[in-house]
Amino acid sequence: MEQNAIIEAQNLTKVYEDGLCALDHVSFGVKAGEIFCLLGDNGAGKTTAINLFLGFLDPTEGVATINGIDVKKDPLEAKRFVAYLSDIVMLYPNFSARQNLDFFARLGGKQNLTRDDYYSVLRQVGLQEKAFEQKLKGFSKGMKLKGFSKGMRQKVGLAIAIIKDAPAIILDEPTSGLDPKAANEFLAILHQLRAQGRAILMSTHDIFRAKEVADIVGIMAEGKILATKSRSELEHENLERLYLSYIHGKAAA
Ligand SMILES: Nc1ncnc2c1ncn2[C@@H]1O[C@H](COP(=O)(O)OP(=O)(O)O)[C@@H](O)[C@H]1O
Ligand SMILES: [Mg+2]
């Protein structure tokens, strides 16, 4: 398929043990400096596709590659080139934002980072300075215990992904559960990462977010990509109508 795709699926297929075909011969590529958005309702197969790229699942058929490396054949090597953010970030509540970042950076093999490096990434994701050294579970001040909001946690999660400095970033429903302001901020940061030349694959069930953030939208239903639309194509088409027509088989006209 595409020669220089950093993230690439070729006929990627997953049949679960119960016989359900959750992903059915899906092919696409994400190049450096591109955001590819898998758009589909719950159950469409987005998470299955993403989990195949991360080596959490083995494909039944087809190939997932990261930076040209077959994830199934060489999972550890492939993982070096991809950073991942799920919809529920696992972070340590007793650690501060900076300590979480430090912990996961070391876990990922980055040993020489300084406090300033961590602060600079936390600034990049737009976390407020006063939260850098605050425990995620919150701290009691008088009567109140105020912990990190979902938006703040997603920012720390994104900071962890950024600090890995991987050419590929994969995000599963990263804006679900965020309020509109937090989601907007989050997508603006994805645009910065795109400008740095990262290849970004994300999933969402939100048409409006997909249209806002993506260079290419892959419309998914029942394990298939039914249509792939570029940003310029979407300027001339009503994505919502298109989506519904594909998902529900209604006429697009
Ligand atoms: N471990 C599993 N075993 C069997 N079926 C699964 C498993 N995980 C997901 N599925 C099914 O695969 C389909 C696709 O799920 P998923 O990839 O999670 O979709 P999405 O992320 O788009 O909501 C759904 O029908 C789901 O129930
Ligand atoms: Mg999912």
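Numbers below:
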{"quantity": "Distance from the range 162-189 to the range 213-253 (C-alpha centre basis), Å", "calculated": "22 Å"}
{"quantity": "Cα-based equivalent ellipsoid of the chain: semi-axis lengths in Å, sorted from largest, via gyration tensor", "calculated": "32, 21, 17"}
{"quantity": "Cα-Cα P(r), the range 88-165, percent of pairs per 10 Å interval", "calculated": "20, 56, 20, 3, 0"}
{"quantity": "The chain: calculated mean residue ellipticity at 222 nm from DSSP helix runs of at least 4, using -39500 (n - 2.57)", "calculated": "-10000 deg cm²/dmol"}
{"quantity": "Protection proxy ranking, peptides 153-166, 101-114, average beta carbon neighbours within 10 Å, highest first", "calculated": "153-166, 101-114"}
{"quantity": "In nm, spacing of pseudo-spin labels at D116 and E240 (7 Å Cα→C-beta vector)", "calculated": "4.9 nm"}
{"quantity": "Accessible-area composition of the chain, carbon plus sulfur, in percent [1.4 Å probe]", "calculated": "51 percent"}
{"quantity": "Per residue accessible area in Å² of the range 1-157, where ligands, DNA and RNA are left out and the probe is 1.4 Å", "calculated": "53 Å²"}
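The values are calculated or read from the model by the stated rules, or taken from the named source; none is laboratory data. Just so it is clear, the structure is predicted and the values come from calculations on it, not from any experiment. Cβ: placed from backbone, ideal geometry, glycine included. Neighbour counts: every protein chain shown. For the accessible areas, the whole protein counts, side chains as well, though only heavy atoms, and no ligand, DNA or RNA atoms are used. Shrake-Rupley method; radii C 1.70, N 1.55, O 1.52, S 1.80 Å.
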